[in-house]
Amino acid sequence: TAYEILTCDWSSDVCSSDLDRWLLPDGIEEVLPDDARRLEAMRRQILDLFYTWGYELVMPPMIEYLEALLTGAGKELDLQTFKLTDLLTGRLMGIRPDMTPQAARIDAHYLKRSGPVRLCYLGSVLRTRPDEFGGSREPLQLGAELFGHAGPESDAEILCLMVATLQLAGIDELHIDLGHTGVFHGLVSQAELDAQQQSDLFDALQRKARTDVETLLNTMGVERRRRNMLTALIELNGGQEVLTEARQQFKNAPTSVAKALDNLEEVASIVARKLPSLQLHFDLAELTGYHYYTGMVFSAFVPTYGRAVARGGRYDGIGQAFGRARPATGFGADLRLLLALLPSQPSVPSGILAPDEDDVSLQLEIERLRAAGERVVVRLSGAETRTSESGCERELVRQGGQWVVARIKR
């Protein structure tokens, strides 16, 4: 089986198991040529989009010292981080499971700009566990982060950029959920719940399990009026009317809850003006990553997939451990997942086969064609080159002493 212990005689390079050597670890996949071509084309388009919005590309290292990766908000990623020992220093190192803390370090420690900073990235991350059954442990993470601005305008910009990114990737039918961690934090603070109680309540709220929420709050001894406000989170989802209802439900809540609702409404209003055709859905029990985020949170869903395809929100103070507690907001997604959500497209061959001849004029023509952006595949002497496998529909042939491109006869 795939889990059989492999015993080998390394001196003879003979293994006692017939385990297929090409088998990859669970959640790790390679990308074959057709999908790799589509993936790379999408990557270039998205990075170009980020550039037109003013986001500067950064390329953080794949591996670094553990304390840097898990500093501040990064501590939530501890269980997702592969760890190893640096043989040069003896210090623990980690393989990045998320690039957001790295971008925050770059902003706080290296750039040190006084005004807003827009950064973007796109690269592989590695995680000990997939986010879902059968999911990838090596997402190709794309993201954009805006540091140094605390207003609703920056949250709205990031949300609009996320929508533009998904649409560019070919995902048009979007469902956007908006929430705010300030509502939940304000209510549990008023109810005087400790960290473990908050965690248990959060899990029940994510399941929308009303009976479990009520049982938990009763067991915790939460006063009835405060218990009713926390339970109301389950039902507070829908259109703009949710915010009006929430203000009524939480009129006796701490002022921080009212401020959170005001902030959420401000962001939604800006987004509605910029993207009037986009349908926004409010869900005050949608709190994924509430330990990490400090303000508005948002997720993008599509009808054919049961989990968020992109998510983001505000996470102020992440740079504090690096010397600068800057306001921050951003979003992230997995480029591999976005490609998988699109319908498969047959590969359209495009290329030119060229003979392997020692001819100066032939070499010059090959160079000219490649400089013009054409794909030219040279037949190798002694090797069979099948037209169907080469991806070429044209070939270079000599006509009247000149090398010309002609269509291959099938």
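Going residue by residue through segment 238-260, is there one that turns out to be in contact with a Pro (Cβ under 6 Å, 6 or more places away or on another chain) and surrounded by fewer than 18 Cβ atoms within 10 Å (Cβ to Cβ)? No - not one qualifying residue is present in segment 238-260.
Among the residues of segment 276-295, which ones are buried (at least 17 other Cβ atoms within 10 Å of the Cβ), in a loop (DSSP other than H, G, I, E, B) and either free of Cβ contacts under 8 Å to residues at least 40 places away in the same chain or not β-branched (Val, Ile, Thr) (or both)? Correct list: LEU284, ALA285, GLU286, LEU287, TYR290, TYR292, TYR293, GLY295.
On inspection, LEU146 qualifies as more than 23 Å from GLY94 (Cβ to Cβ), of a type in the set (A, V, I, L, M) and either modelled with pLDDT under 95 or surrounded by 22 or more Cβ atoms within 10 Å (Cβ to Cβ) (or both).
The requirement of being touching a strand residue (DSSP E or B) at 6+ places or on another chain (Cβ under 9 Å), open to solvent by less than 40 Å² (accessible area, probe 1.4 Å) and either in contact (Cβ under 8 Å) with a residue 60 or more places away in the chain or closer than 19 Å to ALA41 by Cα (or both) is fulfilled somewhere in segment 181-193, by at least one residue. From the list TYR110, TYR121, the one residue that fits, being in contact (Cβ under 8 Å) with a residue 24 or more places away in the chain, among the aromatic types (Phe, Trp, Tyr) and within 21 Å of PHE322 (Cα to Cα), is TYR121.
If you filter segment 341-355 down to residues that are open to solvent by 60 Å² or more (accessible area, probe 1.4 Å) and out of contact with any helix residue (DSSP H, G or I) (no Cβ under 9 Å at 6 or more places or on another chain), you find that the one that is farthest from LEU369 (Cα to Cα) is PRO343. THR304 falls short on exactly one of the conditions (1) farther than 23 Å from GLY186 by Cβ; (2) open to solvent by 80 Å² or more (accessible area, probe 1.4 Å); (3) at pLDDT 95 or above, and that condition is (3). Counting only helices (runs of 4 or more DSSP H) that sit wholly inside segment 296-410, those with at least 3 residues that are under 30 Å from HIS149 (Cβ atoms) and among the aliphatic types (A, V, I, L, M) are 335-341. For VAL360, the requirement of being free of Cβ contacts under 8 Å to residues at least 12 places away in the same chain, open to solvent by less than 50 Å² (accessible area, probe 1.4 Å), farther than 21 Å from ARG37 by Cβ and more than 45 Å from the chain's Cα centre (by Cα) is not met.
The values are calculated or read from the model by the stated rules, or taken from the named source; none is laboratory data. Just so it is clear, the model here is predicted, and its values are computed rather than measured. Note: ideal-geometry Cβ built from the backbone for every residue, glycine included; neighbour counts use all protein chains shown. SASA here: full protein model, heavy atoms, side chains in, ligands and nucleic acids out. Shrake-Rupley method; radii C 1.70, N 1.55, O 1.52, S 1.80 Å.
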